[in-house]
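I have placed the structure first, in the form of structure tokens, so that the comments after it can refer back to it.
Here, each number is a calculation from the coordinates, and none is a lab measurement. Just so we're clear, the structure is a prediction, and the values are computed from it rather than from any experiment. As a convention, Cβ positions derive from the backbone with ideal geometry for all residues, glycine included, and neighbour counts pool all protein chains shown.
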2 protein chains.
Amino acid sequence: MLLSKSCVYGIRAVLYLSVNDEREYVPIKEISDKMGISFHFLTKILQVLTNAGMIKSMKGAKGGVGLNQPASSISLYDVIRELDGETLFEECVLGLPGCADDNPCSMHKIWRVTKAELKKELEEENFGSLAQQITEDEIRLYDV
Amino acid sequence: MLLSKSCVYGIRAVLYLSVNDEREYVPIKEISDKMGISFHFLTKILQVLTNAGMIKSMKGAKGGVGLNQPASSISLYDVIRELDGETLFEECVLGLPGCADDNPCSMHKIWRVTKAELKKELEEENFGSLAQQITEDEIRLYDV
DNA sequence: TTATATTAAGACATAAGAGTCTTTTATCAC
DNA sequence: GTGATAAAAGACTCTTATGTCTTAATATAA
Ligand code: FES
Ligand code: FES
């Protein structure tokens with residue numbers, strides 16, 4: 001697996017919030033219902049993003065969660081870093097200590113290029129652009 | 001994590017066998033000791049590769065495991081496919097059902113290119129070449 | 001102020017991955 | 001044949017990821 005389930009759910013939830021950016025707060029229950037994700041599990045995941053300042057939350061009626069920054073300023077990499085950390089992009093893929101061009105393992109040559117490209121694209125792709133593509137039906141957000 | 005621990009250990013063990021290709025059988029204990037991997041765990045992993053025909057094994061004194069094909073004919077992708085399957089390269093990275101260019105998710109555009117390149121390189125990199133680089137001290141096999 | 005809606009927090013449960021241990025089976029050396 | 005060596009097989013444990021449930025805290029609305 002490239003990404004953990006938590007991370008995937010987190011990305012999809014932030015996508016949902018980006019698409020619904022005109023609403024200040026969206027109940028987590030609404031997101032979990034539409035996505036078919038466990039409500040309590042998603043709640044815990046979104047708490048991490050709330051603590052990171054990426055999204056904001058409010059309790060009570062009319063409460064929920066919402067983006068705390070412009071969707072266009074949040075990258076896919078931002079969410080991945082919060083939920084899965086950066087080990088995918090920093091540690092040796094064969095589990096050897098340290099990963100550097102002058103201390104390579106058998107997969108280093110392949111993975112160093114791939115991961116650098118992947119990281120760059122994840123950093124450049126923002127949720128504003130993705131939300132627009134979802135709204136315009138160019139990409140999907142749900143299982144349909 | 002890109003690869004499971006089983007997969008990483010499997011790759012490293014096949015690397016060891018490739019470097020020691022002149023020996024018909026190498027005891028698993030020797031590999032696990034040198035690599036600092038649990039002997040019984042590695043045994044189970046190598047059984048998968050044995051059943052797949054990639055390596056051969058023999059019980060008893062002078063027994064062990066050894067490559068069942070020329071090292072140059074085994075690719076990194078071969079080992080990954082046996083131990084981790086192909087879900088990394090086939091399934092939607094956001095967990096949506098199906099993954100196709102005409103049915104993309106928000107990460108499809110980024111990941112489809114990355115994964116295709118990665119897969120190609122993993123298929124092209126063979127253990128003969130890697131063993132030679134290890135022998136020539138260009139890449140490392142152990143934690144040192 | 002009371003009822004309702006909603007997140008926060010944390011205990012608890014389940015499943016899968018990772019790792020250990022024991023017993024069985026096969027091969028070699030003597 | 002007997003004893004030593006080593007893989008095969010499978011039961012078992014430990015850890016982590018995933019998922020569920022309950023209670024508390026807080027905000028709104030009537
Ligand atoms: S040293 Fe292994 S991935 Fe860089
Ligand atoms: S549809 Fe999600 S990765 Fe292709």
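How about B:LYS5: which aspartates and glutamates have a C-alpha closer than 15 Å to its C-alpha, ignoring those fewer than 8 places off in the same chain?
Straight-distance partners of B:LYS5: A:GLU91, B:GLU82, B:ASP84.
Taking the highest mean first, how do the peptides A:3-10, A:115-122 order by number of other beta carbon atoms within 10 angstrom per residue?
Packing order, densest peptide first, comes out as A:3-10, A:115-122.
Need one number: nm distance between label points at A:GLU86 and A:ALA116, each 7 Å from Cα along Cα→Cβ, rounded to one decimal.
1.6
Would you mind working out the magnitude of the charge dipole of the range A:19-144 relative to its Cα centre, with +1 at each Lys and Arg C-beta and -1 at each Asp and Glu C-beta, to the nearest 20 Debye?
Taking the Cα centre of the range A:19-144 as origin, the dipole is about 540 debye.
Considering the dipole of the protein assembly as shown built from charges on the beta carbon (Lys and Arg +1, Asp and Glu -1) around the Cα centre, which of B:HIS108, B:LEU94, A:PRO70 is farthest to its positive end?
Working it through, the farthest residue towards the positive pole turns out to be B:LEU94.
Setting aside same-chain residues fewer than 8 positions from B:LYS59, which lysines have a Cα under 21 Å from its Cα?
The reachable lysines, counting only those whose Cα sits under 21 Å from B:LYS59, are B:LYS29, B:LYS34, B:LYS44.
Near B:LYS109, which lysines are there with a Cα under 17 Å away, not counting those fewer than 8 places off in the same chain?
Excluding near neighbours in sequence, the set is A:LYS115, A:LYS119, A:LYS120, B:LYS119.
If the label point is 7 Å along Cα→Cβ of B:ASP21, which residues in the range B:47-78 have backbone nitrogen under 19 Å from it?
B:50, B:53-57, B:65-78
Where in the range A:3-29 does the label zone of B:ASN103 land, with the point 7 angstrom along Cα→C-beta and an amide N cut-off under 19 Å?
Those under the cut-off are none; the list is empty.
Kindly point out, ordered by number, any Cys in chain A whose beta-carbon has no other cysteine beta-carbon under 4.7 Å away.
Lacking a cysteine Cβ partner under 4.7 Å: A:CYS7, A:CYS105.
Return the tail of the calculated pair distribution for the range A:86-130, meaning the percent of Cα-Cα pairs more than 14 Å apart.
Result: 50 percent of Cα pairs exceed 14 Å.
Which value in deg cm²/dmol, rounded to the nearest 500, describes the helix-derived mean residue ellipticity at 222 nm for chain B, given -39,500 (n - 2.57) per DSSP H run of n ≥ 4 and division by the residue count?
Dividing the helical sum by the residues of chain B leaves -15500 deg cm²/dmol.
I'd like the mean, over residues of A:100-107, of how many other protein chain beta carbons sit within 10 Å of each residue's own Cβ.
Mean partner-chain Cβ count within 10 Å for A:100-107: 6.
What are the ³J(HN,Hα) values, in whole Hz, obtained from phi via the Karplus relation 6.51 cos²θ - 1.76 cosθ + 1.60 with θ = phi - 60°, for each residue of the range A:67-72 in sequence order, with x given for Gly and Pro?
5, 9, 9, x, 3, 6
Given an 8 Å cut-off on Cα distances and at least 6 residues of separation, report the relative contact order of the range A:41-144 as a percent.
Taking the mean separation of contacting Cα pairs over the length of the range A:41-144, I get 26 percent.
Report the equivalent ellipsoid semi-axes for chain A in whole Å, largest first, defined as the square roots of five times the eigenvalues of the gyration tensor built from alpha carbon atoms.
Gyration-tensor ellipsoid for chain A: 32, 16, 13 Å.
Using the 7 Å Cα-to-Cβ label point, sort the distances from A:SER6 to its equivalents in the other copies shortest first and give them in nm to one decimal.
Listed shortest first, these distances are 2.3 nm.
At 7 Å along Cα-to-Cβ for each site, give me the label-to-label distance between B:LYS62 and A:ASP137 in nm.
For the pair B:LYS62/A:ASP137, the computed spacing is 7.3 nm.
Using C-alpha positions alone, give me the convex hull volume of the protein assembly as shown per residue in cubic angstrom.
Each residue corresponds to 139 Å³ of Cα convex hull volume.
With the label 7 angstrom out along Cα to Cβ, how close does A:GLU138 come to the same site in each of the other copies, in nm, nearest first?
Reported distances to equivalent positions: 4.2 nm.
Collect residues whose amide H, placed 1.01 Å from N in the peptide plane, falls under 5 Å from the amide H of A:VAL26; neighbours closer than 5 in sequence don't count.
HN-HN under 5 Å from A:VAL26: A:VAL65, A:GLY66.
Net charge around B:SER57, counting only other residues with Cβ within less than 14 Å of its Cβ (Lys, Arg = +1; Asp, Glu = -1)?
Around B:SER57, the surrounding residues sum to +4.
Placing a label point 7 Å from Cα toward Cβ, how far apart in nm is B:ASP21 from its equivalents in the other copies, listed shortest first to one decimal?
5.5
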